[in-house]
């Protein structure tokens, strides 16, 4: 009998060659597989005559091979081409690195082909279409088919087959959520939810399954927030300020800056100062749009901690950003005899050992790093302030781990995610909230354009023009690799297309969540140092990227993202002196989608966008686009599921402490978010 904790190789069809492919997706156990949710569902349509195909749309054709497949070399990869026809026309089909297809496809053989139609010159073309026999096609046409994010070498059919096997484990899995709560909140059982999220009988049963799983995520998060909220300790790291004016050192620091604080920054600094010198330990969130000046306030708080004999820890979401903080802090505090130490996962072990020794001895007064700061080997002598970025996944767990590093240090959380205040009060329920709602003077507003796919050639010319002027650009794709049955733009295909469309001297790099931490850091350093002109990436660039020379961002399939997520992506540009431009390219011509995107074209105000997102977000796709390891929730969406977030929060608050602890432990045992967080920390 299989168990949730058994390795995936216990499933039929997964051997030594395929197990690493599952592990690449973060799937190591059967439990991991069950929690690897589809990102959408397919409903197979009726076949179309080839003469009626529309470029840019996905379709099913019923056709026969008219010629023997041919093989070509394309950039070091084997390309197989074949032509199929149905009597009304012909289509060219292409597969990369799939030479085994030649044994399946013979002239005269009859299949159903499904994929996105493109126009290449005068030829209709399908890239990596799904190939189905008549029996396979009609079987799939009868039900919704789950579509999962894949990695090269792993087929959708194998993942679906393994998922069906894994579901047998749910027969012996107890539902951790009490029947009373399930009935009151009208939630289906955990067993039914897992089964229906993967292989739903209908869109209605899938929606019920999703509702249960989203509720679980929000409830466990709410319970973890309540655990922190109930610990409101006295100020065990009291700080004082020097000078007759109350903050002489800080004013001296401000006087040496080349800019003055905004009114919003002055107000928030006053709130931070009151916390640090007050009776209770600080637990404060600074919520401010991109470029609103959160980091300088964190530096001021760290300087005050240092002046009072405490250590300060600054945890950044990426190594690149940690290094940028280290460089800027070192420059800004060069006149203050302050020992600043950097600690990241990719440093040499000898360098890490020296850094840990300096931290443990107290020689390091301000420590800047990534997740490496929460590893067990790191010991602080007198940690008084922790600054962390809530864009990290498992932010609540990280705060708990960091608090254990010192004698109840002050906590300052920074977030550039524009979240409506009603949701922020739930999401950051254990924190006092400060808002930076004013941008520094002199910033040039980003110019925005909302366009359709017909703008592609114009977008290519604009990218080439900006790069020729010495600037850099981002191109954002929703997918890492081409997925069977998906017509969304992927990083690999788009990077290849741009290499053909742009001048040959344009240096193009790729970035996505399946790269290792070291690989991602290398690519970002190359882009930051202008060794790359254009970066084709998934949404991983949303977190911790600061390249002032980047002036253009092109986002494909923009209608599939939330407005707030798009706004955060846009925040990667507009950081230098040159004018910046953001192009939101919609993959659909539906008026509702274009109208929604026009909100981004009309304003750069993140908080206004977040409120509009909360109001306008309709049912749309039941699953948002996300990259593994970069989102707070696996399946929940803060905007789309705002009402469910509120319900789960109310349940978390209503439970007696003993019941809440048991519920949290039992829920974590199934969803194992704590284990996932620990694994992330170990890797980094």
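Every read-out reported here was derived from the displayed coordinates using simple, explicitly stated rules and does not represent laboratory data. Everything quoted here is computed from the prediction, not taken from an experiment. Cβ sites come from the backbone with ideal geometry, for glycine too, and all protein chains shown count toward neighbours.
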Gap separating the Cα centres of the stretch 203-222 and the stretch 1-80, nearest whole Å: 26
Relative contact order (%) - criterion: Cα under 8 Å, at least six apart; region: the chain: 14
Percent of beta bridges antiparallel (DSSP, the chain, rounded to nearest 5): 40
Helix 263-276 axis, angle to the chain major axis (alpha carbon atoms, nearest 10°): 60
Likely footprinting exposure, 428, 310, 100, fewest C-beta neighbours within 10 Å first: 100, 428, 310
Residue 68-residue 361 pseudo-label distance in nm [points 7 Å out on the Cα-to-Cβ vector]: 7.5
Cβ-Cβ FRET estimate between residue 81 and residue 331, R0 fixed at 56 Å, reported to 0.05: 0.50
Nearest-ten-degree value, helix 591-602 long axis tilted from longest Cα axis of the chain: 30
Peptide ranges 521-534, 450-463 listed from the most packed, as the mean C-beta count within 10 angstrom indicates: 521-534, 450-463
Inter-probe distance in nm under a simple model that places probes 7 Å from Cα toward Cβ, at residue 443 and residue 5: 4.8
Peptides 296-303, 190-197, 122-129 ordered by average Cβ neighbours within 10 Å, highest first: 296-303, 190-197, 122-129
Inter-site label distance for residue 454 and residue 90 at 7 Å from Cα along Cβ, in nm: 3.0
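Assuming R0 = 22 Å, what is the FRET efficiency of residue 376 and residue 24, from their Cβ-Cβ distance, to the nearest 0.05?
According to the calculation, E is roughly 0.25.
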Gain on full stretching of the segment that runs from residue 529 to residue 267 - 0.36 nm per residue minus C-alpha separation: 90.8 nm
Alpha carbon centroid spacing (whole Å) that separates the stretch 408-478 from the stretch 292-356: 24
Label point 7 Å beyond Cα of residue 122 along Cβ direction - residues of the stretch 24-64 with amide nitrogen under 17 Å: 51
Helix axis angle, 156-166 relative to the chain longest principal axis, alpha carbon, degrees: 70
Highest-first arrangement of 212-220, 84-92, 32-40, where packing means the average Cβ count within 10 Å: 212-220, 32-40, 84-92
For the stretch 85-113 versus the stretch 129-173, the gap between their alpha-carbon centres in whole angstrom: 22
Residue order, fewest to most surrounding Cβ atoms within 10 angstrom, among 323, 595: 595, 323
CD proxy at 222 nm, helix term only [per DSSP H run n ≥ 4: -39500 (n - 2.57); per residue of the chain; nearest 500]: -11500 deg cm²/dmol
